[in-house]
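Enquirer: Sharing a structure below in structure tokens format, with a few things to ask.
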Amino acid sequence: MIETEKLKIRLRELENAKDEVIETGIKVNRLSKSVIYSLIRDDLESARKYINEMVGLVNKLKDLINKYPMYYNNAVVSLQEYAEAMAMWYFITENRLPTLDELGIDAEPYINGIADFTGELSRKATEELIKNNLDFALKVKKVMEEIYLDLLNLEPRDYEMRKKVDYVSSNINWLNEKIFYKTLNIGKST
């Protein structure tokens, strides 16, 4: 017969580990959104506080999936959210994107996070356009175009990743329209 007691103990361990991966991931997702929202509002102090908390949880998440690799798929979206938030942080504070090594995550969540970052960057550019900061929006447009070309160069075969590349293209078009209308308004006011 099978070792029921031993298997039961292992099953409970795995179930608890999976629950912990999911719960930790939910907290990372929430903090990622808080980081981004703070950065869009120019609240660097709050963003820094959220990042410190998020990094601790991401490290915990990485430890969990190293110990229980079968639950990686339960963590990958949270790692993507982390990459998105950190891309926003590095761009706003250092005018650059974080590297894969700096974030310490796998290529797929990194790439998808960078692609999603362009949507948040578009939101930030819109906020800056409202403040008549056309230069920021033009800089963002250029960065998004570079990201788009870089992503195309990767030639992703994964369907979800190809959709992310299309998403970046849509964000560029959306921002172009906002810039176009803003330049029309600037031309009328002078």
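The values are calculated or read from the model by the stated rules, or taken from the named source; none is laboratory data. Here the structure is a predicted model, which is why all the values come from computation and not from measurement. Please note: Cβ atoms are built from the backbone with ideal geometry, for glycine as well, and neighbour counts cover all protein chains shown.
Enquirer: Look at L44 and say whether it is buried (at least 20 other Cβ atoms within 10 Å of the Cβ), of a type outside the set (V, I, T) and either on the phi < 0 side of the Ramachandran plot or without any contact (Cβ under 8 Å) to a residue 12 or more places away in the chain (or both).
Expert: No: the conditions fail for L44.
Enquirer: Now, a different point. Does D106 meet the test of being in contact with a Leu (Cβ under 8 Å, 6 or more places away or on another chain), among the acidic types (D, E) and under 29 Å from E23 (Cβ atoms)?
Expert: Yes: the conditions hold for D106.
Enquirer: Out of region 87-134, which residues are without any contact (Cβ under 8 Å) to a residue 24 or more places away in the chain and acidic (D, E)?
Expert: Passing the criteria: E94, D101, E102, E128.
Enquirer: Something else now. Only one residue in I26, I65 is under 20 Å from L14 (Cβ atoms) and crowded, with 19+ Cβ neighbours inside 10 Å, so which one is that?
Expert: Details: I26 fails: crowded, with 19+ Cβ neighbours inside 10 Å.
Among I26, I65, only I65 is under 20 Å from L14 (Cβ atoms) and crowded, with 19+ Cβ neighbours inside 10 Å.
Enquirer: Could I ask something else about it? When you scan region 144-151, do you find a residue that is under 20 Å from Y181 (Cα atoms) and either in contact (Cβ under 8 Å) with a residue 24 or more places away in the chain or not in a helix (DSSP H, G or I) (or both), even just one?
Expert: yes
Enquirer: Could you tell me which of the residues I9, I51 is buried (at least 16 other Cβ atoms within 10 Å of the Cβ) and either at pLDDT below 95 or not assigned by TED's automatic domain parsing to the domain that holds I130 (or both)?
Expert: Numbers: I9 fails: buried (at least 16 other Cβ atoms within 10 Å of the Cβ).
So the residue among I9, I51 that is buried (at least 16 other Cβ atoms within 10 Å of the Cβ) and either at pLDDT below 95 or not assigned by TED's automatic domain parsing to the domain that holds I130 (or both) is I51.
Enquirer: Consider T99 against the criteria (1) within 23 Å of I65 (Cβ to Cβ); (2) buried (at least 18 other Cβ atoms within 10 Å of the Cβ): it satisfies all of them except one. Which criterion is unmet?
Expert: Going through the list (1) within 23 Å of I65 (Cβ to Cβ); (2) buried (at least 18 other Cβ atoms within 10 Å of the Cβ), T99 breaks only (2).
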